[in-house]
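Peer 1: What follows is a structure written as structure tokens; I'll ask about it next.
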Amino acid sequence: MASAAAAVVLAGTVPARVGNEMRTREFLSKLEHDRIVQAIREAESKTSGQIRVYVQRGKLNADPLTAAQKKFHRLGMHKTSERNAVLIFVAPRAHKFAVVGDKAIHEKCGEEFWHRVVDLMRGHFRNEKFSRAIVEAIEEIGKLLAAHFPKESGSSNELPDEIVEN
């Protein structure tokens, strides 16, 4: 599976408390779905870029980077017209997450940007501010996308804005 996304994937790990494995259901119940979807819509209103959030249900049987990249492809995110999609992948039970950006975005922002997004998310996840972690990541990604891929009159929403849970 050849893709530029492989070069721009970063993962973060949120240390699990001993004996306290986060259940996906518990994580999802704490997420403010409407707030996250609204953040995606707000960010995408200023850019031709696309942002999606995916929550992995159950166990993660692969490296989060590999799982995120595969999910990026399965969701067809590499098929956006400008190759400017970003996936925020969260595996709550494994206490791991990854951020995957397509080729055109990485060419504009480089590794340092992705490290900042992951660090921002990690800090909020550690404090169990799950929605805040995702919303602030979306806002940061949205600013970058708007700067490099501004919304044009012909731009359309190529991908759904809802959180994907599987």
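The values are calculated or read from the model by the stated rules, or taken from the named source; none is laboratory data. All values reported here derive from a predicted model rather than from experimental measurement. Glycine also receives a Cβ, built like all others from the backbone with ideal geometry; neighbour counts cover every protein chain displayed. Side chains are part of the model used for accessible areas, which takes the heavy atoms of the whole protein and leaves out ligands, DNA and RNA. Shrake-Rupley method; radii C 1.70, N 1.55, O 1.52, S 1.80 Å.
Peer 1: Of all beta bridges DSSP finds with both residues in the chain, what is the antiparallel percent, to the nearest 5?
Peer 2: Bridges in the chain are about 60 percent antiparallel.
Peer 1: 5 Å is the cut-off here: which amide hydrogens, built 1.01 Å from N in the peptide plane, fall below it relative to ILE51, excluding neighbours closer than 5 in sequence?
Peer 2: VAL86
Peer 1: Please state the equivalent ellipsoid semi-axes for the stretch 41-149: what are the square roots of 5 times the Cα gyration tensor eigenvalues, largest first, in whole Å?
Peer 2: Over the Cα atoms of the stretch 41-149, the ellipsoid semi-axes are 21, 16, 12 Å.
Peer 1: Moving on to the next point. Read phi for every residue in the stretch 74-91 and hand back ³J(HN,Hα) as whole Hz from Karplus 6.51 cos²θ - 1.76 cosθ + 1.60, θ = phi - 60°, with x for Gly and Pro.
Peer 2: Couplings: 4, 7, x, 6, 7, 9, 5, 4, 9, 6, 10, 9, 10, 10, 9, 10, 10, 10 Hz.
Peer 1: Using label points projected 7 Å from each Cα along Cα→Cβ, tell me how many nm separate ARG126 and LYS30, to one decimal.
Peer 2: It works out to 1.5 nm between the two label points.
Peer 1: Within the set LYS46/LYS108; LYS71/LYS103; LYS30/LYS79, which residue pairs have Cα atoms separated by over 21 Å?
Peer 2: Table pairs above 21 Å Cα-Cα are LYS30/LYS79.
Peer 1: For the chain, set up a GNM with springs between Cα atoms under 10 Å and report which of GLU44, GLU26, GLU139 has the largest fluctuation.
Peer 2: Of the options given, GLU26 has the highest mean-square fluctuation.
Peer 1: Using helices alone, I'd like the mean residue ellipticity at 222 nm for the chain: each DSSP H run of four-plus residues gives -39500 (n - 2.57), total over residue count, nearest 500.
Peer 2: -14500 deg cm²/dmol
Peer 1: Something else about it: Summarise the accessible area of the chain (1.4 Å probe, protein heavy atoms) by the percent that is carbon and sulfur.
Peer 2: Answer for the chain is 46 percent, counting heavy atoms of protein chains only.
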